[in-house]
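Okay, so here's the structure we're looking at.
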Amino acid sequence: MCWSATADLAAGAGIAAVGVACVTRARRARDLPLAALPLLLGTHQIVESLVWHSGGGTGPATVAWAAIALPLLPVWVSAGVLCAAPRHARRRLTIPLVIGVATAAALTFALATRPVRAEIRGHTLGYAVDLAHPELLVGGYFLATVGSLLLSGDRLLRLLGLLVGAGALVCWALWELEFVSTWCAFAAVCSVALYGWVRRRPGAPGQGN
């Protein structure tokens, strides 16, 4: 989420550009899902600019935003980390992946059976969907995303996991106060961090094999 349609569109374009750079620089097929994550985050911001322009509500842009944010991201992140992880870490990474798939299944069911609504609140957008056992789903979401990064066996990805966990708390607090939404800035920082990870991967230009 960002604080206006213009900010969302600009942030989305910039984050997607970082994603293109990540994908172009990746030299291992198993790194591509995680390298492409900024492309997904950039698309997400661009979709939200459409939510702003539509005035919120329950339209297609709102549903698309929720589909990316809720069921897609926990599976994408946990699967991407598993693909990129060193061999010795892959067995333990099946745990956050299974949790991510289960969480995504529950969230997909909720989106398919209940309306999701966006509401403009000053400089923030609020999204509401009726979830059963929301605390359990939030816990599963964070275990799949932050947990997979922390268990990755890769120093830079573990640092990214710490950044994601801390940044999510700060962004959530600011959003709860309805002061300003900073998720787009947070997504940009994470995308740049992923670009740094891609650059340092074995086989990347300038790196030894």
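The values are calculated or read from the model by the stated rules, or taken from the named source; none is laboratory data. What you see is a predicted model, and the numbers here were worked out from it, not measured in a lab. Please note: Cβ atoms are built from the backbone with ideal geometry, for glycine as well, and neighbour counts cover all protein chains shown. When the accessible area is computed, the model is the full protein with side chains, heavy atoms only, and any ligands, DNA or RNA have been set aside. Shrake-Rupley method; radii C 1.70, N 1.55, O 1.52, S 1.80 Å.
Remarks
- Residues of region 1-17 satisfying the condition of being surrounded by 22 or more Cβ atoms within 10 Å (Cβ to Cβ) and not charged (D, E, K, R): Met1, Cys2, Ala11, Gly12, Ile15
- Condition check for Ser191: more than 19 Å from Gly14 (Cβ to Cβ), hydroxyl-bearing (Ser, Thr, Tyr) and modelled with pLDDT of 85 or more: no
- Inter-residue pairs, beta-carbon under 9 Å, first on the phi > 0 side of the Ramachandran plot and in region 136-159, second buried (at least 20 other Cβ atoms within 10 Å of the Cβ), 6+ apart: Gly153/Ala85; Gly153/Leu93
- Filter pass, Ala105 being crowded, with 17+ Cβ neighbours inside 10 Å, assigned to a helix (DSSP H, G or I) and among the hydrophobic types (A, V, I, L, M, F, W, C): no
- Tabulated pairs, region 41-56, first of a type in the set (A, V, I, L, M), second crowded, with 21+ Cβ neighbours inside 10 Å and not in a helix (DSSP H, G or I), C-beta under 9 angstrom, 6+ apart or interchain: Val51/Ala118; Val51/Leu125
- Where a residue in region 90-117 is within 19 Å of Arg30 (Cβ to Cβ) and its partner, wherever it lies, is open to solvent by 70 Å² or more (accessible area, probe 1.4 Å) and in a helix (DSSP H, G or I), with Cβ under 6 Å and at least six apart: Pro96/Leu143
- Flag if Thr62 is touching a helix residue (DSSP H, G or I) at 6+ places or on another chain (Cβ under 8 Å), modelled with pLDDT of 95 or more and open to solvent by less than 30 Å² (accessible area, probe 1.4 Å): yes
- Criterion (closer than 30 Å to His53 by Cβ and either open to solvent by less than 30 Å² (accessible area, probe 1.4 Å) or at pLDDT 80 or above (or both)) met by exactly one of Val146, Val116: Val116
- The residues of region 67-96 that are open to solvent by less than 10 Å² (accessible area, probe 1.4 Å), within 25 Å of Ala187 (Cα to Cα) and more than 10 Å from the chain's Cα centre (by Cα), listed by number, are Ser78, Gly80, Val81, Ala84, Ala85, Leu93, Pro96.
- For region 77-99, the count of residues that are in contact with a helix residue (DSSP H, G or I) (Cβ under 6 Å, 6 or more places away or on another chain) and closer than 25 Å to Trp3 by Cβ is at least one.
- Residue in region 166-188 that is least open to solvent (accessible area, probe 1.4 Å), counting only those that are closer than 19 Å to Leu40 by Cα and modelled with pLDDT of 80 or more: Ala187
- Boolean, Thr24 is free of Cβ contacts under 8 Å to residues at least 60 places away in the same chain and touching a Gly at 6+ places or on another chain (Cβ under 9 Å): no
- When the criteria are applied in full, Leu136 fails the requirement of being loosely packed, with under 15 Cβ neighbours inside 10 Å, at pLDDT below 85 and assigned to a helix (DSSP H, G or I).
- Selection count, region 27-51, where residues are over 16 Å from the mean Cα position of the chain (by Cα) and open to solvent by less than 10 Å² (accessible area, probe 1.4 Å): 3
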